[in-house]
Amino acid sequence: MGASYDDTDFCGGRPLKAQDVVDQIRTVVPGFEPSAYLNGTVDPDSMKWLMGIRLADGEETFGHVSPRYMETVQNVSHLFRDRWLSYVTPGFLGLGRSSMALFAPIDGSMRRAMGRYLSASAKSPGHLLRKVRLQTFHDHQAVDFLPDGSANMCDGCPLSRSTTASSTGAAASEDPRSTGRSRRRTTRAGSRRHDRRDLPKLHEPQLPARG
């Protein structure tokens, strides 16, 4: 096991952050731009779940959806479905061309993407026959253990609830020593409607009394 991983100097010996991954993606996709994130429970400036969505047809990338697009889609989902959008169907991910056309009049990023699509289609009409898809890039920064022992986790994560009113870390709810077994947290089987209400109820572990 000890030989399974090798140390690298990718980040100069410091913990890998979401921004490092974004910088690396941009070496291949210079225009990559994230559109949404979840902050940390302890450090609100940290980006724990970072998401970028590319608009492409398999041959060419036209741009990335904007924060305004993401905010609008989330609010519409919450307004009509009473839940935030998480995982979506393949059909929804095939609405790239419609998304560009709908948001181009009100959003600069989507307007530029639409412009690139029209320009590419004029040069190579084959683009008109291919579906423009939304491709998600999910950059998940792992839990950060801070110098004071606290755990900086994703805001809203079910594991972030505290097990005691004092200094017991949120990660203790995943400690198999506290319950004798580990627990797997999953969403409701057969459903694409992922919501906090779909998560099973979590029972706080009974920690041994301190001496």
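The values are calculated or read from the model by the stated rules, or taken from the named source; none is laboratory data. Nothing here was measured: the structure is a model prediction, and the numbers come from that model. Using ideal geometry, Cβ is built from the backbone for each residue, glycine included, and neighbour counts are taken over all protein chains shown.
With the checklist (1) modelled with pLDDT of 95 or more; (2) touching a His at 6+ places or on another chain (Cβ under 8 Å); (3) small (Gly, Ala, Ser) in hand, flag the one item Ser109 doesn't pass. Checking Ser109 against (1) modelled with pLDDT of 95 or more; (2) touching a His at 6+ places or on another chain (Cβ under 8 Å); (3) small (Gly, Ala, Ser), the one that fails is (1). Scanning segment 91-137 for residues that are assigned to a helix (DSSP H, G or I), within 26 Å of the chain's Cα centre (by Cα), surrounded by 13 or more Cβ atoms within 10 Å (Cβ to Cβ) and among the polar types (S, T, N, Q) returns Ser99, Ser109.
Screening segment 138-158 for residues that are outside any loop (DSSP other than H, G, I, E, B) and buried (at least 18 other Cβ atoms within 10 Å of the Cβ) and picking the one that is farthest from the chain's Cα centre (by Cα) gives Ala151.
Taking residues in segment 14-37 that are of a type in the set (D, E, K, R), and partners anywhere that are assigned to a loop (DSSP other than H, G, I, E, B) and surrounded by fewer than 14 Cβ atoms within 10 Å (Cβ to Cβ), the pairs with Cβ atoms closer than 8 Å and at least 6 places apart or on different chains are Lys17/Cys11; Asp20/Phe10; Asp20/Cys11.
The rows are residues; the columns are (1) closer than 17 Å to His140 by Cα; (2) hydrophobic (A, V, I, L, M, F, W, C); (3) touching an Asp or Glu at 6+ places or on another chain (Cβ under 9 Å).
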residue: Val22; (1), (2), (3): yes, yes, yes
residue: Thr27; (1), (2), (3): no, no, no
residue: Glu33; (1), (2), (3): yes, no, no
residue: Asn39; (1), (2), (3): yes, no, yes
residue: Trp49; (1), (2), (3): yes, yes, yes
residue: Ile53; (1), (2), (3): yes, yes, no
residue: Gly63; (1), (2), (3): no, no, yes
residue: Tyr69; (1), (2), (3): no, no, yes
residue: Asn75; (1), (2), (3): no, no, no
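Check segment 25-44 and report whether any residue there is part of a strand (DSSP E or B), within 30 Å of Pro15 (Cβ to Cβ), modelled with pLDDT under 95 and touching a Gly at 6+ places or on another chain (Cβ under 8 Å). For segment 25-44, residues part of a strand (DSSP E or B), within 30 Å of Pro15 (Cβ to Cβ), modelled with pLDDT under 95 and touching a Gly at 6+ places or on another chain (Cβ under 8 Å): present. Looking at Leu118, Leu129, Leu93, can you tell me which residue is modelled with pLDDT of 95 or more and over 16 Å from Glu33 (Cβ atoms)? Of Leu118, Leu129, Leu93, the one residue that is modelled with pLDDT of 95 or more and over 16 Å from Glu33 (Cβ atoms) is Leu118. Would you check if Ile53 is of a type outside the set (Asp, Glu), outside any helix (DSSP H, G or I) and either modelled with pLDDT of 95 or more or crowded, with 17+ Cβ neighbours inside 10 Å (or both)? Criteria met by Ile53.
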